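Okay, structure first, notes after.
The values are calculated or read from the model by the stated rules, or taken from the named source; none is laboratory data. What you see is a predicted model, and the numbers here were worked out from it, not measured in a lab. As a convention, Cβ positions derive from the backbone with ideal geometry for all residues, glycine included, and neighbour counts pool all protein chains shown. Each accessible area value is taken on the protein alone, full model and side chains, heavy atoms only, with ligands, DNA and RNA left out. Shrake-Rupley method; radii C 1.70, N 1.55, O 1.52, S 1.80 Å.
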Amino acid sequence: MADLTRLTISDALQKMQSGEISALDLCQAHLQRIERHDASIRAFIKLTPDLALEQARAADKTRANGGEGSLLGIPIALKDVLSTKGIETTCGSRILQGYVPLFDATAVARLKEAGAVLLGKLNMDEFAMGSSTENSGYFPTRNPWNHDHVPGGSSGGSAAAVAANMAMASLGSDTGGSIRQPASFCGNTALKPSYGRVSRYGLIAYGSSFDQTGPFARTVDDAARVMAVIAGHDPLDSTSMPAPAPDYVAQMNGDIRGLNIGLPAEYFAEGLQPEVASAVRAAAVELESQGAQLHEVSLRHAEYCLPAYYIIAMAEASANLARFDGVRFGARVEGRDLIDSYKKTRGAGFGEEVKRRIMLGTYTLSAGYYDAYYGKAQAARTLIRRDFDALFEQVDALLAPVAPTTAFRFGEALDDPLRMILADVLTISANLAGLCGLSLPCGFDEAGLPIGLQLLGAPFDEARLLRIGRVYQEATDWHLRSPELA
């Protein structure tokens, strides 16, 4: 039998429906691949093989009885920031070691309802704070294309698992680029939905006004299938858009003739790795050959994106992480009294990067500094959103690199917080403005590391981005390439 781990979701569903393979076959193939390769890649924090096999058998039984499910029998893994009922959820942090939620995140519940098979939980930068997965409280994850390089972050495990064919798709979260950047570094197709399109219920918060859950997959078609399951209004999330999501799979069909695509000058500025710039511009030319019209555009307030984002995100992180005190859930270190227990628990449980962001966020929210920092950052955010609103009156989508470089080596940026922050300099604007963003592989550098193309769309315009992405993937084969694992 051919290697089942290289199938797309679309092909796997067709083969299971025809009886050529079973969900159990598919599940066992992925568990065997994880057993062979994850010892070196370390994408998974926790495997759930017994649950996966049970769900695969149930999927086969459902299909045999004429039942349906849009992801029936498809093996999927989850970033460990998503709450899973009865399964430890740590957010990559020691402070949540041993925490077992009593409920599923809405996105997880919807995957289960669609018949997906859960392989396990994936590694990440602690509380989604980082761009390399080196900040995990447990261990770093390796890039499947080159183990000396990072997979990106914070959803590094989600990207690495799909790139290494250890899962057919995965879920990650994106606060400032944490879906798109690791997808670029690992050669995945991945979608950051618009703010409010996918429920945040059960997604453990980093920045509440930024966070979104989205899919990693091999192809645009597969990403659309997962997105169709997890998107849509959720009454449990007050920030969820109160409107039905479109049929992403059906709306991918069609050409892109006459679409206007903007190339923001600020995203092609000095500092880009030359191979990244040339690969992304070549992708733009390919879309032009498919009928799109290219336009040079500019974002007037682009220079404020980085400082505005980090001030607001760290302030929100400071507030959100105040709940982790060792009293209600997770690890606890006993002290002389309650306050001493708080200090010792948080001191031992949080890593250095999380502590840094909590302290910076607390500072910007403190009396005397709120107006000077947080207030001005929110004002800048409004101007940035208006810039995008104006651009999307002129163009249908924006095209840019995902990251300034390909995946960097382990340790290169770990002791340089500014360099680590700059890894997200081209992605954070979408989170500030609530936009949707699609990352697509568009080439490789001289070292054989993937390069990612970023498409940005107006809020709730995911269907158009997926259509553009599908046209691009029909004309190229970058997304079909996989790393050769030892």
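Brief remarks follow.
- Checked against (1) open to solvent by 50 Å² or more (accessible area, probe 1.4 Å); (2) in a loop (DSSP other than H, G, I, E, B); (3) farther than 23 Å from Ile451 by Cα, Ala250 meets all criteria but (2).
- Selection of first residues in segment 377-396 that are closer than 19 Å to Ile311 by Cβ and of second residues that are open to solvent by 40 Å² or more (accessible area, probe 1.4 Å) and at pLDDT below 95, restricted to Cβ pairs under 6 Å at least 6 apart or on distinct chains, gives the following pairs, ordered by first then second residue: Asp387/Arg300.
- Residue within segment 48-71 that is open to solvent by 50 Å² or more (accessible area, probe 1.4 Å), under 21 Å from Asp222 (Cβ atoms) and in contact with a helix residue (DSSP H, G or I) (Cβ under 7 Å, 6 or more places away or on another chain) present: yes
Condition check ((1) acidic (Asp, Glu); (2) surrounded by fewer than 19 Cβ atoms within 10 Å (Cβ to Cβ); (3) at pLDDT 95 or above; (4) more than 28 Å from the chain's Cα centre (by Cα)) across all residues:
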| position | (1), (2), (3), (4) |
| --- | --- |
| Lys355 | no, yes, yes, no |
| Asp389 | yes, yes, yes, no |
| Asp396 | yes, no, yes, no |
| Asp415 | yes, yes, no, no |
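- Taken over segment 471-486, the criterion of being part of a helix (DSSP H, G or I) and farther than 30 Å from Gln394 by Cα is satisfied by Leu480 alone.
- Total residues in segment 89-110 satisfying the condition of being open to solvent by 10 Å² or more (accessible area, probe 1.4 Å) and more than 23 Å from Glu316 (Cα to Cα): the figure is 7.
- Hits in segment 433-470 (condition: open to solvent by 10 Å² or more (accessible area, probe 1.4 Å) and part of a helix (DSSP H, G or I)): Ala463, Arg464, Arg467, Arg470
- The residues of segment 266-317 that are hydroxyl-bearing (Ser, Thr, Tyr), under 24 Å from the mean Cα position of the chain (by Cα) and closer than 30 Å to Asn253 by Cα amount to a single one, Tyr267.
- Among (1) under 19 Å from Ser70 (Cα atoms); (2) open to solvent by 10 Å² or more (accessible area, probe 1.4 Å), the one test that Gly86 misses: (1)
- The set of residues in segment 434-455 that are farther than 20 Å from Glu286 by Cβ and out of contact with any Gly (no Cβ under 9 Å at 6 or more places or on another chain) comprises Glu446, Ala447, Gly448.
- Single residue of Ala167, Ala190 found to be modelled with pLDDT of 95 or more, assigned to a strand (DSSP E or B) and crowded, with 24+ Cβ neighbours inside 10 Å: Ala190
- Any hit, segment 327-348, residues being of a type in the set (Phe, Trp, Tyr) and at pLDDT 95 or above: no
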